[in-house]
Amino acid sequence: MKTRMDWILLSTILGLLCFGLVMVYSASAMTAQLRYHWPVYHFFKQQSISAAVALVAMIALSQVDYRRFRSAQLAFAGLSIAGFLLILVYFLDPAEHRWLRFGPSFFRVSLQPSELAKPVLIVFLAWFISERRDLINNRHTVWPTAIALALLAGGVLAADLGTAVVLVVVATVTLMLAGLSWRFIAIAALTGFLCLTAAVVYKPYRLFRVLVFYDEEYKYLIHIDPQKKMLEYAKSGTKKALDPSYQGKQSVIAIASGGIAGAGLGKSRQKLLFLPDAHTDFIYAIIAEELGLLGAGGVLLAFCVIGWRGIRHFVFAQDDFGKFLAIGITTAILFQALLNMSVALNLFPTKGFPLPLISFGGTSLLSTMIMLGILLSVSQRAVSRA
């Protein structure tokens, strides 16, 4: 069958990828030099290598017919590998439970298994739903899906609350569009909320972030907890920063100082160690400071284009498997981008969400490009070519 590349989607992806490399260099140069005493191009070099590997993976997957991924063996193999890596990282990285590091010191490779859980879950859900679309509300469909999601999200939740939330949202949107009963959705939403609350309370530093964000002066907390036991518990796990709202405040300062046109590329002041993680979770704030509303708006527009093309391919895909691959991938990327921007704007408590295709982070970039490669494969085989 003759296929045709979605050049609008591909151009947008490549544009964001190249733009991300420029912004990683701009946001990280001073951090590398002042904090770590490394060359100014250290993070840029690492991200460039990751981008090259991820680009090859995306192109390769875009040329593979996505229907080859529709198999029980592949779906369960992906879940098994992801689950094994999540268990492995829990023991090999006892401090953070996030990173698998291997290789010699001069070329150390780091892998974050939680990021790879996103494409794995999307492929599994697309396969399972396409196999049982007419029985989506049958208990033999609901329970296996719930168990798979719980195991994968639970493994991720041990170290990465943000990615676990993304997994749950992707699963919820996908199942809703597949026709899952609102009764099951309500039960899942309540269960998810309780698990989210438990995860926040379990880690004192998470609880402290939430408390300070919504009640910075403890005006309301004092009525609920006059003995201040909750506050003492929350503060007990917060050793790295006395003010958990510091990053959010510095991010807003960066965004506000950018104005319409920005201070100019490379001329951010907040990246001079005022804003921690400027090249990772808060790179959107640096974009707004250096390129202003025009630059920040351009990034938002680019993600809207990805959303537009992803939804089109969901509508025009030839089969259910392609449809749910498209909508799962689109939801994962857009939701994570929205959360990252919202945290940078201080609309939500500080949480580590990398901005897809732009933030520094090799595994995040690879995971995103793998998903986009599959989406490009779906797009080439859609019924409509608009």
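Sticking with the crude label model, points 7 Å out along Cα→Cβ, report the distance from Lys228 to Gln33 in nm, one decimal please.
4.4 nm
So how far, in whole Å, is the C-alpha centre of region 334-386 from the one of region 121-144?
24 Å
Do you know the relative contact order of region 7-380, to the nearest whole percent, from alpha carbon pairs under 8 angstrom that are 6+ apart? Show your work: numbers first, answer last.
On the way: 527 pairs, mean separation 102.0, N = 374.
That works out to 27 percent.
Can you give the FRET efficiency to the nearest 0.05 for Val40 and Ser342, using r as the Cβ-Cβ distance and R₀ = 22 Å? Intermediate values should be presented prior to the final figure.
Numbers: r = 30 Å, r/R0 = 1.37.
About 0.15, to the nearest 0.05.
Please report Ile8, Ile306 as a ranked list, fewest other C-beta atoms within 10 angstrom at the top and most at the bottom.
Values: Ile8 15, Ile306 23.
In increasing order of surrounding Cβ atoms, one gets Ile8, Ile306.
Work out how much length Ile147 to Met176 would gain on full extension: take 0.36 nm times their residue separation and subtract the Cα-Cα distance, in nm to one decimal. Please list the in-between numbers first.
On the way: separation 29, 0.36 × 29 = 10.44 nm, distance 1.72 nm.
That pair, Ile147 and Met176, stretches by 8.7 nm at full extension.
Mind checking the full-extension length gain between Leu293 and Val56? Use 0.36 nm per residue of separation minus the Cα-Cα distance, one decimal, nm. Please report the intermediate quantities before stating the final value.
Numbers: separation 237, 0.36 × 237 = 85.32 nm, distance 3.25 nm.
Difference between extended and current length: 82.1 nm.
Among the listed pairs Lys45/Lys267; Lys235/Lys351; Lys249/Lys271; Lys203/Lys271; Lys219/Lys249, give every one whose C-alpha distance is greater than 23 Å. Provide the component values of the computation, followed by the final result.
Values: Lys45/Lys267 21 Å; Lys235/Lys351 17 Å; Lys249/Lys271 13 Å; Lys203/Lys271 28 Å; Lys219/Lys249 20 Å.
The answer is Lys203/Lys271.
If you put +1 on each Lys and Arg Cβ and -1 on each Asp and Glu Cβ, how big is the dipole of region 151-235 around its Cα centre, in Debye rounded to 20? Kindly include the intermediate steps, with their values, before the conclusion.
Numbers: 8 positive and 6 negative charges, 25 e Å.
In debye, rounded to 20, region 151-235 gives about 120.
Give me the distance between the Cα centres of region 41-79 and region 240-269, rounded to whole Å.
What the calculation gives is 33 Å, centre to centre.
Using only helices, what value at 222 nm comes out for the chain when you add -39,500 (n - 2.57) per DSSP H run of length 4 or more and divide by the total residues, to the nearest 500 deg cm²/dmol? Before the final figure, lay out each step's value.
Values: 14 runs with 261 residues, N = 386.
About -23000 deg cm²/dmol.
How large, in Å, is region 7-380 by the Kirkwood hydrodynamic radius built from its alpha-carbon pairs?
Every distinct Cα pair counted, the radius reaches 21.6 Å.
Name the residue farthest towards the positive end of the dipole of the chain from the options Asn138, Leu291, Tyr202, assuming +1 on Cβ of Lys and Arg, -1 on Cβ of Asp and Glu, about the Cα centre.
Most positive-ward Cα: Asn138.
What FRET efficiency do you get for Leu194 and Cys304 if R0 is 35 Å and r is their Cβ-Cβ distance, rounded to the nearest 0.05? If you can, show how the numbers build up before the last one.
Working: r = 33 Å, r/R0 = 0.95.
My answer for the efficiency is 0.60.
Please give the charge dipole size of the chain, origin at the Cα centre, charges +1 on K and R Cβ atoms and -1 on D and E Cβ atoms. Round to the nearest 20 debye. Before the final figure, lay out the partial values.
On the way: 34 positive and 20 negative charges, 75 e Å.
Approximately 360 debye in magnitude.
Expressed in nm to one decimal, what extension gain is obtained for the pair Asn138 and Asp65 from 0.36 nm per residue of sequence separation less their Cα-Cα distance? Working shown, then result.
On the way: separation 73, 0.36 × 73 = 26.28 nm, distance 3.00 nm.
Length gained between Asn138 and Asp65: 23.3 nm.
Considering the dipole of region 7-380 built from charges on the beta carbon (Lys and Arg +1, Asp and Glu -1) around the Cα centre, which of Gly322, Pro39, Ile224 is farthest to its positive end?
The Cα lying farthest towards the positive end belongs to Pro39.
Each value in this text was obtained by applying a stated rule to the coordinates, not by laboratory testing. In this text the structure is predicted, and so the values were computed from the model without any measurement. So basically every Cβ, Gly included, is an ideal-geometry build from the backbone, and we count neighbours across all protein chains shown.
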